[in-house]
Amino acid sequence: MGVCGVGKSLLARRLADALGVAMVEADDFHSDENRRKMARDLPLTDADRLPWLDAVSAAAKRQVQSTGGAVVACSCLRRAYRDRIRGALGNSVFLHLAGPRALIAERLAARTSHFVGAGLLDSQLDILEPLEDDESGIALEINVPIDDVVVTALDELRRMGAPAQSVV
């Protein structure tokens, strides 16, 4: 989980490979209308996000049922969104990717083929609700090499005895 540009997709792919489970890319489930809005730097509303979260949850649930686990790359910016995912999937661990705004903005500026750009960063940071103490998950800093983030994530997941259905 995390705002645009923190590396959710890259980490999710690497974790899915390491854990031997499927990866679900939440961006693949946005409606055409949502994609157009975000491409115009218009933030999504809860009404825009809820059907999308349900589609992501359904895809992850299918993967968990068929392969035993899934790693999901999904923003999950608000507690209510994470609760919705948990309601559909049950036992899930959230990995919150976080880092300095300047680094995230730099990454977004370097993007060439994604519908979300730097224009949405501030609105996402404004609504971001970090993990709360009663949520199963950990925060990971992105200002280190991705290999280090992967190792830390895997170590923490093992330490927690986490299932192979995680949301990042």
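The values are calculated or read from the model by the stated rules, or taken from the named source; none is laboratory data. Here the structure is a predicted model, which means the values were calculated and not measured. Note that each Cβ is placed from the backbone with ideal geometry, even for glycine, and that neighbours are counted across all protein chains shown. To get the accessible areas, we keep the full protein, side chains included, count just its heavy atoms, and leave off ligands, DNA and RNA. Shrake-Rupley method; radii C 1.70, N 1.55, O 1.52, S 1.80 Å.
Determine if region 21-40 includes at least one residue that is on the phi > 0 side of the Ramachandran plot and assigned to a loop (DSSP other than H, G, I, E, B).
No, every residue in region 21-40 fails to be on the phi > 0 side of the Ramachandran plot and assigned to a loop (DSSP other than H, G, I, E, B).
Pairs under 7 Å by beta carbon, first residue in a helix (DSSP H, G or I) in region 91-112, partner at pLDDT 85 or above and open to solvent by 40 Å² or more (accessible area, probe 1.4 Å), six or more apart or different chains? Within 7 Å, the pairs are Arg101/Leu125; Leu103/Asn143.
This table checks each residue for (1) open to solvent by 30 Å² or more (accessible area, probe 1.4 Å); (2) under 16 Å from the mean Cα position of the chain (by Cα); (3) among the basic types (Lys, Arg).
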position: Arg14; (1), (2), (3): yes, yes, yes
position: Val72; (1), (2), (3): no, yes, no
position: Ser75; (1), (2), (3): no, yes, no
position: Gly90; (1), (2), (3): yes, no, no
position: Val93; (1), (2), (3): no, yes, no
position: Ala102; (1), (2), (3): yes, no, no
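Close Cβ contacts (under 8 Å, 6 or more residues apart or on different chains) running from residues in region 141-168 that are closer than 18 Å to Ser92 by Cα and loosely packed, with under 15 Cβ neighbours inside 10 Å to residues that are among the hydrophobic types (A, V, I, L, M, F, W, C) and modelled with pLDDT under 95 comprise Met160/Val93; Met160/Ile138.
With respect to being modelled with pLDDT of 95 or more and either open to solvent by less than 70 Å² (accessible area, probe 1.4 Å) or out of contact with any Cys (no Cβ under 7 Å at 6 or more places or on another chain) (or both), Pro43 falls outside the description.
Among the residues of region 48-69, none qualifies, meaning not one is in a loop (DSSP other than H, G, I, E, B), surrounded by 14 or more Cβ atoms within 10 Å (Cβ to Cβ) and under 14 Å from the mean Cα position of the chain (by Cα).
Condition check for Pro130 on (1) open to solvent by 30 Å² or more (accessible area, probe 1.4 Å); (2) outside any helix (DSSP H, G or I); (3) modelled with pLDDT under 90: one failure, at (3).
Could you check, for region 103-113, whether at least one of its residues is farther than 13 Å from Gly7 by Cβ and modelled with pLDDT of 90 or more? No, the conditions are met nowhere in region 103-113.
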